[in-house]
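Chemist: Just dropping this structure here.
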Amino acid sequence: MIAFIKGIVFSYTLNTVIVENNGVGYEIFFAHPDSIRLNQEVMIYTYHHIREDENSLFGFLSIEEKELFEKLIGVKGIGPKTAMGILGASSLDQLINSIEQGEVNALKKIPGIGAKAASQIILDLKGKLVHVETVDKKESLNRELEDAVEALKSLGYKPSELAGVIKALKSEERKTTDEYVRLGLQYLLKQKGV
C-alpha cells in the first residue's frame, strides 16, 4: 500500500497530478489542482485503488480528507471517482457540516450526485464524522512535537484521537520528540481509561 508520495509537481490537469519522485512519475487523481503549482515540492497522502481492470492512486492534502474519502467509497453506489468529485466540490468543513446537518439539497448541488445518492451518504455517514480542527503545523507546533504527532499517527492513532493529545502536549514546556511520544501515549491510555 502506498501511504503518501513526496516529490515535485511535474504536471497537472483538472483532476490529476503527476508527482516526480526519484525519476518516477506517479499519476494521482487529485481534487485540488488550484492548491499546487509546477515544480513545487508536495506531500500527497494516497489511497491505492486496485481492481481487476484498474490500478489507480487517489491523492489528498490531509489525512482527514483521505479518511473522509474512505468513508465515502464505503457508501453504496459511490465509487472512488465520484468520491473525488464530492471532495473537490466543497471544503472539508462544508461537506462534513452538510452531511451532519442532513442537507440533501446541498449535496445534490455537487455534480454527479442526485437525491438518492445524497440521501444514502447522509444515511450512512451522519454521526460518524468527527472533524478534527486541522492544526496549522508551521504556526503552532514545534518541530519535535510535529515529529511526535507523525510518530503517533504511524502507530495507528487517528487524528480524531490525537486532537486532545496535541492540545495537552502544546501546553507542556518544549521537550524532545521521544519525550513527546511517551507523554502522548500516556494521554492516549488515560483517554481509553487504561
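The values are calculated or read from the model by the stated rules, or taken from the named source; none is laboratory data. On a predicted model such as this, the values are computed, not experimentally measured, just so you know. Every residue, glycine as well, gets a Cβ built from its backbone with ideal geometry; the counts of neighbours run over all protein chains shown.
Chemist: For region 1-116, which helices (runs of 4 or more DSSP H) that fit wholly inside it have 1 or more residues that are of a type in the set (Gly, Ala, Ser) and outside the structural domain of residue 161 (by TED's automatic domain parsing)?
Modeler: Where helices (runs of 4 or more DSSP H) fall fully within region 1-116 and carry at least 1 residues being of a type in the set (Gly, Ala, Ser) and outside the structural domain of residue 161 (by TED's automatic domain parsing), they are 80-89, 92-100, 104-108.
Chemist: So for region 100-109 (the condition being within 17 Å of the chain's Cα centre (by Cα) and under 23 Å from residue 161 (Cβ atoms)), does at least one residue qualify?
Modeler: Within region 100-109, none of the residues are within 17 Å of the chain's Cα centre (by Cα) and under 23 Å from residue 161 (Cβ atoms).
Chemist: Next up: Does region 164-185 contain at least one residue that is basic (Lys, Arg), crowded, with 16+ Cβ neighbours inside 10 Å and out of contact with any helix residue (DSSP H, G or I) (no Cβ under 6 Å at 6 or more places or on another chain)?
Modeler: Filtering region 164-185 down to residues basic (Lys, Arg) leaves 167, 170, 174-175, 182.
This time we only want the ones that are crowded, with 16+ Cβ neighbours inside 10 Å, so: 175.
Keeping just the survivors that are out of contact with any helix residue (DSSP H, G or I) (no Cβ under 6 Å at 6 or more places or on another chain) gives 175.
Checked region 164-185: at least one residue is basic (Lys, Arg), crowded, with 16+ Cβ neighbours inside 10 Å and out of contact with any helix residue (DSSP H, G or I) (no Cβ under 6 Å at 6 or more places or on another chain).
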